[in-house]
Amino acid sequence: MKLVLLDDGDLKKDGKLYIKGIRLSGSVKLDYKTQKHLSFLVQGDNELHNVMYFDEKPDSKRWQCDCKWYTLQDKLCSHIIAVNIALKNGNLKID
């Protein structure tokens, strides 16, 4: 699987979400890994969220989250940003 992280411009597009993503990045854990999927658990402010990475989907749909913001807005959420920050900073290993 080739993991494609979001570029910094996309991560920082919304400053509030980016700042929250930085705060949440310490709570990210790998849930499971298959040949085409990764599942991460992110402890949000009030509940645990599942962030999924789908290798076979188009770029705009590779990262998905079960939170209300992502589901209703279909936009990046702080949980997806947190996973990307944790991976970029080396705080989370998927090997």
Helix-only [θ] at 222 nm, the chain, -39500 (n - 2.57) per DSSP H run of 4+, per residue, nearest 500, equals -8500 deg cm²/dmol
Taking Rh as the Kirkwood radius computed over alpha-carbon pairs of region 8-88 and applying Stokes-Einstein at 37 °C with viscosity 0.692 mPa s, one gets a diffusion coefficient in µm² s⁻¹ of 262
FRET efficiency for Arg23 and Lys57 from the Cβ-Cβ distance with R0 = 35 Å, rounded to 0.05, comes out at 0.80
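Rule-based calculations on the coordinates, nothing more; no lab input. All values derive from a computational prediction rather than experimental measurement. Note that each Cβ is placed from the backbone with ideal geometry, even for glycine, and that neighbours are counted across all protein chains shown.
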